[in-house]
Amino acid sequence: MISMRKFFIAVSVFVSVTTPVFAQTEAPEATPTATEAPTAEVIFSDVSSDHWAYSAIQALVKKKVMNGYSDGSFGPDKLLTRAETTKILVLATQDSSPSLDEAGVLPFTDIDPLDPLLPFISFAFDHNIIKGYLDGTFRPTRSISRAEFMKIFILTSENLLENYNIGEAFLDVVPNHDLAPHIYSSRALGYIKGSSNGLFLPDIPITRAEASKVIFNYLADKDMEFPEPSDLEQAMFDAINEKRTSDGKPVLTLDNTLSGVAHKQSQDLSDQWSFLDKDEKKEYETTHANVQEQDKRRPWTSHRNITGQTFDEWFALASKKYDFNYSDATQNIAHAFYDNSTPEDRVLDIINKMFEKDEQDNYLYAHAYNILGTYIPYTNVGIGIVVGEDPEEMYVTQIFTK
């Protein structure tokens, strides 16, 4: 057990990950918040305010990703067609809408050159998102299955995961299913859940309401805005760079998005410890050095979070969600109690503790090596600090990236 004033427990994680170039989180307190949409309600005759997809439908209509019909209805239970799916997914995932002038010559015999959906179909075809049938048709008015929708969704959003088998499998989507990578990528990223009995129902046609919910979940990540780092997080950043400067290392850049995600990690850690009172937390920390006891009792271990993901799995998902583009990453986690000190004092105490040395002048903790970039020359850092319910308690996450 390590003691400093009172208690300090910390773990560090290192992984080398190749994050994809292309990258819903809950938002407690200072965690990321989605961009506010216009507040005026859009009234549809068939979508009441207590409809399960009401918020999603409202958001997408206001963003002009979807619209209703001339009779004042939205048609939440109507089936999406292949052409409609292509249009709304291109609108939802691309920064600009393709124009008719940009539409190429399509090898589809059943698409009218003046069809207003032609630019979207052409864009998707040119980017290898959609294909036609062997007879040269696209069949634009044919309904689309839930599985087929996920394929187009994942391809247009460029969110296909290499390691998509995270969590339990859907009972009706076997690993060798043709569209399993797209279905499981959607689930791993939190955009779909499946049914309560463990099924996904891949061959069932998707409805407009169901599609709205998937796209809404995706846009909640895409439109996420992260708050500026707090004064405590800024103070820790300054302390880290002071240590690096004294060691002859270049200063790091504070990444606002990384800090928002790190704050979420710290909040998760705090939430996982909330079922213990202060004395129970301290009692547990006295057994921290016992690895078996740590694995058995600690809500957050050094390599996995509450969902069972390893850090590299978690970081790959975060990269997709928030558009990170880093080749390497590592994480320091700290949980500390300090009596009779201000939060600002605790920040410095934690950093100084991470840099304690043994009798041979070696750092006692991997945290220092991560901060200094001893093995990987990190260039950026994200810092998230959450003060616990007890003001003496602090949770810290530092994410270093290159």
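The values are calculated or read from the model by the stated rules, or taken from the named source; none is laboratory data. All of these numbers come straight from a predicted model, not from anything done at the bench. In this analysis, Cβ positions are derived from the backbone assuming ideal geometry, glycine residues included, and neighbour counts consider all displayed protein chains. Accessible surface areas use protein heavy atoms only, side chains included; no ligands, DNA or RNA. Shrake-Rupley method; radii C 1.70, N 1.55, O 1.52, S 1.80 Å.
Key figures for this structure:
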item: Point-to-point label distance, Thr310-Thr379, nm (Cα→Cβ direction, 7 Å offset); result: 2.6
item: Gained length - Asn197 relative to Thr245, 0.36 nm times residue gap less alpha-carbon distance; result: 11.7 nm
item: R0 of 25 Å, Cβ-Cβ distance Ser70-Asp95: FRET efficiency to nearest 0.05; result: 0.30
item: Hull-based mean projected area of segment 125-267, where the convex hull spans the alpha carbons, in square nanometres; result: 13.0
item: Sulfur and carbon atoms: percent of accessible area, segment 54-183 [1.4 Å]; result: 51
item: Probe 1.4 Å, all protein chains present, accessible-area order of Tyr69, Tyr191, largest first; result: Tyr69, Tyr191
item: Ranked packing of 61-68, 263-270, most packed first, by mean Cβ within 10 Å; result: 263-270, 61-68
item: Highest average packing first - 51-60, 211-220, Cβ atoms within 10 Å; result: 211-220, 51-60
item: √(5λ) per eigenvalue of the Cα gyration tensor, segment 67-184, largest first, Å; result: 26, 18, 15
item: Length added when fully stretched, Asp126-Lys78, from 0.36 nm per residue minus Cα-Cα; result: 14.5 nm
item: Members of Lys321/Lys353; Lys87/Lys151; Lys78/Lys222 lying beyond 23 Å, as alpha-carbon distances in this model show; result: Lys321/Lys353; Lys78/Lys222
item: Heavy-atom accessible area order for Glu392, Glu344, Glu168, largest first, 1.4 Å probe; result: Glu168, Glu344, Glu392
item: Lys/Arg +1, Asp/Glu -1 at C-beta; segment 89-240 dipole; positive extreme among Ser96, Leu179, Ile166; result: Leu179
item: Sites Lys402 and Asp110 - FRET efficiency at Förster radius 56 Å, r taken between beta-carbons, to 0.05; result: 0.65
item: Segment 78-147: chymotrypsin sites (Phe, Trp or Tyr not before Pro) in DSSP coil with no more than 13 other Cβ atoms inside 10 Å; result: Tyr133
item: Potential extension, Leu160-Glu228 segment - 0.36 nm per residue separation minus Cα distance; result: 21.5 nm
item: FRET efficiency, Ile43 to Asp390 (Cβ-Cβ, R0 45 Å, nearest 0.05); result: 0.40
item: Accessible heavy-atom area order of Arg146, Arg244, Arg139, highest first, probe of 1.4 Å; result: Arg139, Arg146, Arg244
item: Estimated dipole of segment 133-269 in Debye, rounded to 20 [Cβ of Lys and Arg +1, of Asp and Glu -1, Cα centre]; result: 500
